[in-house]
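J.: I'd like to ask you about the structure that follows.
The values are calculated or read from the model by the stated rules, or taken from the named source; none is laboratory data. Since we're looking at a predicted model, the values are computed, not measured. We place every Cβ from the backbone using ideal geometry, glycine too, and count neighbours over all the protein chains shown. With ligands, DNA and RNA removed, areas are computed over all heavy atoms of the protein, side chains included. Shrake-Rupley method; radii C 1.70, N 1.55, O 1.52, S 1.80 Å.
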Amino acid sequence: MVENLSKKESKKAKKSEKMEKIEKSDVATPSARLSVQKTYKLYIGGSFPRTESGHYLPATNHKGEFVANICRASRKDFRNSVVAARSAQHGWAARSPFNRGQILYRMAEMLEGRRAGFENILVAQAGYKQAAAESEVSAAIDRLLWYAGFADKFVQLFSTTNPVASAHFNFTMPEATGVVTILAPPTAPLLGLISAMAPVIVSGNTTVIVVDSATPTIAMELAEVLAVSDLPGGVVNILTGLRGELIKHIGGHMDVDGIFSFGSSDDERRTIGIEAAESVKRVKFIDDVSADAWTASNMQSPQWIVPFGEFKTAWHPMGS
């Protein structure tokens with residue numbers, strides 16, 4: 001009888017132990033958890049839509065390993081971005097220069113709060129050393145602050161009074177051109193992008209940025225910073241894709257007022273020049289710049305604001 005009880009207890013103990021193992025296996029441990037992979041979209045009008053075409057491109061790291069799928073922006077995506085930029089331009093230009101400077105400062109604040117994430121991407125995807133990644137993020141934040149400080153000063157710097165042979169007060173001042181397309185730098189994925197964007201928008205322009213680089217995910221991470229930085233929707237629009245597919249359409253689009261192109265080939269320059277001639281766009285080309293060169297002081301200047309500004313002259317009668 002005692003032997004039978006012992007056998008029953010032994011079976012019961014084994015069954016209990018087995019159930020405990022099953023229950024433990026049903027609970028996911030942190031090491032076994034699958035991470036949530038980010039879906040990178042476009043940034044148009046302050047929102048994050050998918051490309052209308054449904055096409056995508058695989059983004060890889062510096063070792064050629066798959067990172068994520070990114071949107072392959074179409075001509076229609078570009079047209080939608082221009083519409084959003086045009087709709088936002090008047091309101092953005094009408095804001096006081098001081099307020100635009102506040103918003104650029106806020107962008108720098110938000111980027112500072114996410115600096116660790118950007119450093120990690122530069123190391124893991126772009127192949128930066130940790131010290132170089134920290135340097136680029138710091139330089140990008142400082143560059144935003146630098147242009148934020150010029151928001152209410154560049155007008156004073158470039159305005160002038162003109163002597164005229166009549167009883168008039170005559171003065172000239174800069175104002176925004178309108179909608180500017182930026183063909184983003186292929187190097188320095190964060191610092192280069194901010195160095196191109198900041199001088200364009202600080203004066204009241206809006207922009208559509210086309211990103212075709214080895215680390216396009218940085219641009220969409222930056223879009224998330226812009227989306228929570230008090231920047232009105234449509235002031236900055238970011239498209240990832242192949243610039244070669246869009247460049248003819250960009251040059252010929254009648255509602256684009258300027259093109260700021262970095263690292264363009266001779267063929268791209270020729271195409272832009274021919275297509276932009278009909279609408280008399282302002283076009284500025286910058287040669288390819290190494291990642292290290294972007295940190296130089298000459299890569300930030302009030303002169304970078306001038307190419308996409310108009311100069312307005314006003315005449316005011318003077319009393320006798």
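J.: Could you list, in sequence order, the residues of the stretch 128-149 that are among the charged types (D, E, K, R) and open to solvent by 60 Å² or more (accessible area, probe 1.4 Å)?
T.: If we filter the stretch 128-149 for residues that are among the charged types (D, E, K, R), which is where we start, we get 129, 134, 136, 142-143.
Listed by number, the residues that qualify are K129, E134, D142.
J.: Given the condition hydrophobic (A, V, I, L, M, F, W, C) and within 20 Å of the chain's Cα centre (by Cα), answer yes or no: does some residue in the stretch 151-173 qualify? If you could, list the steps in order and put the result at the bottom.
T.: The initial filter retains those residues of the stretch 151-173 that are hydrophobic (A, V, I, L, M, F, W, C), namely 151, 154-155, 157-158, 164-165, 167, 169, 171, 173.
Pick out the ones that are also within 20 Å of the chain's Cα centre (by Cα) and you get 151.
Yes, that holds for at least one residue.
J.: When you look at D287, is it open to solvent by 40 Å² or more (accessible area, probe 1.4 Å), of a type in the set (D, E), in contact with a Ser or Thr (Cβ under 9 Å, 6 or more places away or on another chain) and free of Cβ contacts under 8 Å to residues at least 40 places away in the same chain, yes or no? Give the steps one after another, and end with the answer.
T.: Numbers: open to solvent by 40 Å² or more (accessible area, probe 1.4 Å): yes; of a type in the set (D, E): yes; in contact with a Ser or Thr (Cβ under 9 Å, 6 or more places away or on another chain): yes; free of Cβ contacts under 8 Å to residues at least 40 places away in the same chain: yes.
Taking the combined requirement at face value, the residue satisfies it.
J.: Turning to a different aspect of this structure: Please enumerate the residues belonging to the stretch 231-246 that are outside any helix (DSSP H, G or I) and crowded, with 22+ Cβ neighbours inside 10 Å.
T.: Narrowing the stretch 231-246 to residues outside any helix (DSSP H, G or I): 231-242.
G234, V235, V236, N237, I238, L239, T240, G241 - these are the residues of the stretch 231-246 that are outside any helix (DSSP H, G or I) and crowded, with 22+ Cβ neighbours inside 10 Å.
So that you can scan it fast, the table gives a plain yes or no per residue for (1) open to solvent by 10 Å² or more (accessible area, probe 1.4 Å); (2) out of contact with any strand residue (DSSP E or B) (no Cβ under 7 Å at 6 or more places or on another chain):
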position: L190; (1), (2): no, yes
position: I194; (1), (2): no, yes
position: V202; (1), (2): no, yes
position: T207; (1), (2): no, no
position: A214; (1), (2): yes, yes
position: T217; (1), (2): no, no
position: E224; (1), (2): yes, yes
position: S229; (1), (2): no, yes
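J.: Also: Considering only helices (runs of 4 or more DSSP H) fully contained in the stretch 70-187, which possess at least 2 residues that are more than 23 Å from V289 (Cβ to Cβ) and either touching a residue at least 24 places away in the same chain (Cβ under 8 Å) or not hydrophobic (A, V, I, L, M, F, W, C) (or both)? Break it down into steps so the answer makes sense when it comes.
T.: Values: elements: 75-94, 97-113, 115-124, 130-150, 154-158.
In the stretch 70-187, 75-94, 97-113, 115-124, 154-158 are the helices (runs of 4 or more DSSP H) which contain 2 or more residues that are more than 23 Å from V289 (Cβ to Cβ) and either touching a residue at least 24 places away in the same chain (Cβ under 8 Å) or not hydrophobic (A, V, I, L, M, F, W, C) (or both).
J.: Would you confirm whether any residue within the stretch 194-203 is under 15 Å from F260 (Cβ atoms), among the hydroxyl-bearing types (S, T, Y) and assigned to a helix (DSSP H, G or I)? Break it down stepwise before answering.
T.: Our first condition is that a residue be under 15 Å from F260 (Cβ atoms); within the stretch 194-203, this holds for 194-203.
Next, only the ones that are among the hydroxyl-bearing types (S, T, Y) stay: 195, 203.
Retained after the next criterion (residues that are assigned to a helix (DSSP H, G or I)): 195.
Yes; the residues of the stretch 194-203 include at least one that is under 15 Å from F260 (Cβ atoms), among the hydroxyl-bearing types (S, T, Y) and assigned to a helix (DSSP H, G or I).
J.: Would you say A148 is of a type outside the set (K, R) and either modelled with pLDDT under 95 or under 30 Å from K76 (Cα atoms) (or both)? Break it down stepwise before answering.
T.: Numbers: of a type outside the set (K, R): yes; either modelled with pLDDT under 95 or under 30 Å from K76 (Cα atoms) (or both): no.
Here the answer is no, as A148 does not meet what is asked.
J.: For the stretch 247-270, enumerate the residues that are of a type in the set (S, T, Y), part of a loop (DSSP other than H, G, I, E, B) and buried (at least 16 other Cβ atoms within 10 Å of the Cβ).
T.: Of the stretch 247-270, the ones of a type in the set (S, T, Y) are 261, 264-265.
Then drop every residue that is not part of a loop (DSSP other than H, G, I, E, B), which leaves 264-265.
Hit for the stretch 247-270 is S264, nothing else.
J.: For the stretch 34-62, which residues satisfy the criterion of being within 17 Å of S213 (Cα to Cα), open to solvent by less than 80 Å² (accessible area, probe 1.4 Å) and part of a strand (DSSP E or B)?
T.: Y43, L57, A59, T60
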